[in-house]
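Visitor: Handing you a structure now.
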Amino acid sequence: GMEKQSEERKNVQKCEASSIHPRLKVQITGTEPFFGPGVRTLLLHICEEGSVREACEKMGLSYSKGRKLLERAERELGYTVVERSPGGKNGGSAQVSEAGMQFLEKYERLEKELSKAAEEKFWEIFGN
């Protein structure tokens, strides 16, 4: 009866409250934005697949768009992010360079720490 309904309503409210949280999209910018969640995911897929083309496919990203993202990152950083060796019809193999991996790891650390800070700030501001 009535009691059960108000109990349910309370649970729904609690649920809604706890599922509200800030989400940050961390972007690194030089003369233009060049490193964000998209490039991060692309690099992770390149690590797994060993191929830029297959990494793009996995993300539902066109190969030309994927290459543009990588070229922009390399232009802004001034070093090679993905080392490619030319190959046959599959476009050769690719791996993330050591410098690229270091940048990726730092980016992920920045992301994690900013998310944590955002969560704390969020509760400080919204959580009374």
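The values are calculated or read from the model by the stated rules, or taken from the named source; none is laboratory data. Predicted model only: the values in this text are computed from it and were never measured. A quick note on method: Cβ atoms are made from the backbone with ideal geometry, for glycine too, and the neighbour counts reach across all protein chains shown. These accessible areas exclude ligands, DNA and RNA; they are computed on the full protein's heavy atoms, side chains included. Shrake-Rupley method; radii C 1.70, N 1.55, O 1.52, S 1.80 Å.
Visitor: Consider only pairs whose beta carbons are under 6 Å apart and that are at least six residues apart or on different chains; among these, list those whose first residue lies in the stretch 98-122 and is closer than 15 Å to E74 by Cβ and without any contact (Cβ under 8 Å) to a residue 24 or more places away in the chain and whose second residue is of a type outside the set (G, A, S) and open to solvent by 60 Å² or more (accessible area, probe 1.4 Å).
Guide: A99/Y79
Visitor: A94: in contact (Cβ under 8 Å) with a residue 24 or more places away in the chain, of a type in the set (A, V, I, L, M) and either within 17 Å of F34 (Cβ to Cβ) or in a helix (DSSP H, G or I) (or both), yes or no?
Guide: Criteria not met by A94.
Visitor: Hey, another quick one. Scan the stretch 89-105 and tell me whether some residue there is surrounded by fewer than 13 Cβ atoms within 10 Å (Cβ to Cβ) and at pLDDT below 95.
Guide: yes
Visitor: Then there's this: When the stretch 64-88 is examined, which residues are found to be at pLDDT below 95 and aromatic (F, W, Y)?
Guide: Selection gives nothing.
Visitor: Might you check whether a residue that is of a type in the set (A, V, I, L, M), open to solvent by 70 Å² or more (accessible area, probe 1.4 Å) and either at pLDDT 95 or above or at negative phi (or both) occurs anywhere in the stretch 116-128?
Guide: yes
Visitor: List every residue pair whose Cβ atoms sit under 9 Å apart, with the two residues 6 or more apart in sequence or on different chains, where the first one lies in the stretch 28-48 and is touching a residue at least 40 places away in the same chain (Cβ under 8 Å) and closer than 11 Å to L69 by Cβ and the second, anywhere, is among the aromatic types (F, W, Y) and surrounded by 16 or more Cβ atoms within 10 Å (Cβ to Cβ).
Guide: F35/F103; F35/Y107; R40/Y107; L43/F103
Visitor: Yes or no: G66 at positive phi, open to solvent by less than 40 Å² (accessible area, probe 1.4 Å) and small (G, A, S)?
Guide: When the stated conditions are applied, G66 does not pass them.
Visitor: Separate question: Please verify whether the stretch 70-81 includes one or more residues that are in a helix (DSSP H, G or I) and loosely packed, with under 15 Cβ neighbours inside 10 Å.
Guide: yes
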